[in-house]
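Okay, structure first, notes after.
The values are calculated or read from the model by the stated rules, or taken from the named source; none is laboratory data. Small disclaimer: the values here were computed from a predicted structure and weren't measured. Heads up, the Cβs are rebuilt from the backbone with ideal geometry, glycines too, and the neighbour counts pull from every protein chain shown. Side chains are part of the model used for accessible areas, which takes the heavy atoms of the whole protein and leaves out ligands, DNA and RNA. Shrake-Rupley method; radii C 1.70, N 1.55, O 1.52, S 1.80 Å.
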Amino acid sequence: MSEPGIYPQLVWTLFGLAAAAFLYLLWRPAPYGRHFKGFGWGPTVSSKVGWIAMESPAVFLFLFVYLQGSMAWNMVPLVFLAIWQIHYINRTLIYPFRIRTKQRMPLVAAGSGFFFNVLNAYVNARFVSHLGEYDNAWLSEPCFLIGLAVFAGGMFLNMHSDNILQSLRKQGRTGYAIPDRGAFRYVSCPNYLGEILEWTGWAIATWSLGGLAFCVFTFANLVPRALSNHRWYQERFHEYPSERRALIPGVF
Ligand SMILES: NC(=O)c1ccc[n+]([C@@H]2O[C@H](COP(=O)([O-])OP(=O)(O)OC[C@H]3O[C@@H](n4cnc5c(N)ncnc54)[C@H](OP(=O)(O)O)[C@@H]3O)[C@@H](O)[C@H]2O)c1
């Protein structure tokens with residue numbers, strides 16, 4: 001089958017994975033971080049290794065596929081390459097060295113993340129540098145400008161919130177504390193809200209079905225986890241602020 005025939009099937013596979021992940025994760029949180037008890041999921045790797053391995057396709061495979069595209073050196077695709085790589089170089093090559101966790105990650109969690117990232121990197125890189133049509137006029141399209149702004153706002157919120165979490169374990173502190181700075185005053189998982197905004201911005205700026213599939217997957221993955229994290233905080237800390245919501249300020 002030719003690429004134009006296979007490509008839509010890959011995109012629909014992403015939508016299918018999003019639906020399956022959403023239903024599963026509402027029932028049981030993914031086994032990493034605070035929701036991994038340390039046993040019951042087979043072999044484990046250190047969280048650093050897990051994060052680097054599972055996110056690597058999003059940096060390296062994305063770049064490789066991107067560079068094969070016929071529009072790889074056009075202005076708009078280059079902007080998409082830049083914002084994607086800013087996010088994923090942080091997530092793959094910087095963030096794992098900043099986390100202060102003793103938790104290990106089951107190989108099965110890192111493996112599923114890896115395979116998702118292979119599919120997602122191909123779908124998104126191939127579209128922005130080859131299958132999509134982005135001439136320079138796209139730079140002034142409202143969807144491009146709004147999408148970029150949403151992406152940038154989401155990235156700021158995501159990184160700022162991840163930094164606040166890392167600061168909770170400074171000076172040798174271990175365990176969990178109630179974060180009370182930044183957007184944590186309003187929701188338990190502003191880092192997830194930032195991540196969802198980033199990929200919503202990506203979907204709007206690229207105006208692509210592949211971008212939308214990734215945005216829907218991120219939502220399907222992180223909304224159930226935000227609800228699980230929120231319940232976890234409430235059960236663990238009796239003094240947890242009652243007005244704080246899980247993900248969207250004032251809503252849920
Ligand atoms: N696009 C996607 O679908 C997707 C999927 C998953 C994650 N992500 C992104 O990846 C990043 C990490 O995700 P995550 O699920 O690992 O986030 P998380 O549960 O908020 O944990 C992030 C880090 O902070 C530590 N931490 C969390 N809460 C803490 C607290 N109350 N006190 C002290 N330390 C605390 C965690 O330690 P422990 O490991 O020891 O709990 C971990 O090292 C986020 O930015 C998220 O948006 C994206």
Which one is nearest to the ligand (Cβ to nearest atom) among residues in region 36-48 that are touching a residue at least 60 places away in the same chain (Cβ under 8 Å) and surrounded by fewer than 16 Cβ atoms within 10 Å (Cβ to Cβ)? Gly38
Could you tell me whether region 160-178 includes any residue that is under 14 Å from the mean Cα position of the chain (by Cα) and either part of a helix (DSSP H, G or I) or at positive phi (or both)? yes
Check on Phe97, open to solvent by less than 20 Å² (accessible area, probe 1.4 Å), within 18 Å of Asn191 (Cα to Cα) and within 14 Å of the ligand (Cβ to nearest atom): no
Yes or no: region 139-147 includes at least one residue that is among the charged types (D, E, K, R) and open to solvent by less than 50 Å² (accessible area, probe 1.4 Å). no
Among the numbered conditions (1) part of a loop (DSSP other than H, G, I, E, B); (2) within 9 Å of the ligand (Cβ to nearest atom); (3) of a type in the set (A, V, I, L, M), tell me where Leu193 comes up short. (1)
Looking only at region 121-138, decide whether some residue is near the ligand (Cβ under 10 Å from one of its atoms), surrounded by 18 or more Cβ atoms within 10 Å (Cβ to Cβ) and either not small (Gly, Ala, Ser) or not in a strand (DSSP E or B) (or both). no
Cβ contacts < 9 Å: first residue open to solvent by 40 Å² or more (accessible area, probe 1.4 Å), restricted to region 155-169; second residue within 7 Å of the ligand (Cβ to nearest atom) and among the β-branched types (Val, Ile, Thr), any location; separation 6+ or different chain. Result? Leu165/Ile99; Leu168/Ile178; Arg169/Ile99; Arg169/Thr101
Of (1) open to solvent by 50 Å² or more (accessible area, probe 1.4 Å); (2) more than 22 Å from Leu212 (Cβ to Cβ); (3) modelled with pLDDT of 95 or more, Ala20 satisfies every one except (2)
